[in-house]
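In what follows, a structure is listed as structure tokens, so that the remarks can point back to it.
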Amino acid sequence: VKPLYRITFEDGAQTVCDDSHRWLTKSAKNGSRDGWVVRNTEEMHRLSTQWIGKTRSARNSLFIPLMDAPAPGRPWIGPDPYMVGQLLGDGTMRSARVTLYSADEETLQYAASLGWNIYRYEGVCPRVVCPEGDAEKWRNLLGNAAAADKSVPADLMLADPVTRLEVLRGLMDSDGSVDKEGRCRFVSLSKALARDVQTLARSLGGKASMRFEERPSPKGGKDYRWRVDM
């Protein structure tokens, strides 16, 4: 029987380990002098206890290295993973046809290269409709969930890194944004989908935090959404 500790990282990720688990760490305060130092969990706990009650700052921090390679996974042989991300972000399975709505010209060109049909209308967002022969495989993969209930299929979450990256690219190109500083953000009505985006980013070696947001609605009242910052 040994003491267990819950370690929480800056993006909210957590893990549980015992007191003798060893970590490669760097102190924000003395890191430039000491470099990377191996500490066990008990030593880390002792340091954090010394910092309790002090003003929180970057100097009162220990850092661990980020992943140097994405988590491995299984080869993917299903439908195009980038289009999976696009459909989860801006698509619907609930109409008569499997349909994506996008005004992004690169997305339209990519969909056309896969044989999807593009319908352009004056003053409204172009519709991208999958070939009729492919509709069933898309419905079998993504189901018929409403916007607030969407999620990435479990098999794709366990796919190889290139596939997972393509899913994340599709999601970010549909419901994501990036600011001038290079900070990425994804927003969704679906908590499960936001959690999947967070997991995908972490599995590829990134940091991702998630929070629930309430915002004033243009029609009055409030809008609700989940936000992932990467």
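Give the total of Lys-Lys pairs in the stretch 1-154 with Cα-Cα distances below 30 Å; include a pair only if its members are 8 or more places apart or on different chains.
On the way: LYS2/LYS26; LYS2/LYS54; LYS26/LYS54; LYS29/LYS54; LYS137/LYS150.
Taking the stretch 1-154 as the scope, the lysine pair count is 5.
What number comes out for accessible area per residue over the chain if the probe is 1.4 Å? Units Å², please. Don't jump to the answer; show the numbers that get you there.
Details: 14070 Å² over 230 residues.
With the other protein chains kept in place, the chain gives 61 Å² per residue.
Accessible area of ARG39, 1.4 Å probe, to the nearest 10 Å²?
40
Working with all protein chains in place, sort LYS2, LYS26, LYS180 by solvent-accessible area computed with a 1.4 Å probe, largest first. Could the numbers behind the result be given before it?
On the way: LYS2 105, LYS26 65, LYS180 205 Å².
The most accessible residue leads, giving LYS180, LYS2, LYS26.
Give me the percent of accessible area attributable to carbon and sulfur for the chain, probe 1.4 angstrom. Walk me through the intermediate numbers first.
Numbers: 7200 of 14070 Å².
C and S atoms contribute 51 percent here.
Tell me the label only: which of (i) 41, 20, 16; (ii) 34, 24, 20; (iii) 29, 21, 16 is semi-axes √(5λ) of the Cα gyration tensor in Å as calculated from this structure?
Computed from these coordinates, semi-axes √(5λ) of the Cα gyration tensor in Å corresponds to label (i).
Test of understanding: what is the full-extension gain from TYR119 to TYR101, defined as 0.36 nm times their sequence separation minus their Cα-Cα distance? Provide the component values of the computation, followed by the final result.
Values: separation 18, 0.36 × 18 = 6.48 nm, distance 0.98 nm.
Stretched fully, the TYR119-TYR101 segment lengthens by 5.5 nm.
Nearest 500 deg cm²/dmol is fine: what mean residue ellipticity at 222 nm does the chain get from its DSSP H runs of n ≥ 4 alone, each adding -39,500 (n - 2.57), divided by its residue count? Show your work: numbers first, answer last.
Numbers: 8 runs with 74 residues, N = 230.
The per-residue figure over the chain is -9000 deg cm²/dmol.
What do you reckon, how do CYS184, CYS130 stack up by accessible area (1.4 Å probe), largest on top?
On the way: CYS184 45, CYS130 0 Å².
I get CYS184, CYS130, largest accessible area first.
Using protein chains only and a probe of 1.4 angstrom, how many square angstrom of ASP19 are accessible, to the nearest 10?
Using a 1.4 Å probe on the heavy atoms, I get roughly 40 Å².
Please work out how much accessible surface LEU165 shows to a 1.4 Å probe, ignoring ligands, DNA and RNA, in Å² rounded to 10.
For LEU165, the solvent-accessible surface is approximately 80 Å².
The values are calculated or read from the model by the stated rules, or taken from the named source; none is laboratory data. Computed from a predicted model, the values in this text were never measured in an experiment. These accessible areas exclude ligands, DNA and RNA; they are computed on the full protein's heavy atoms, side chains included. Shrake-Rupley method; radii C 1.70, N 1.55, O 1.52, S 1.80 Å.
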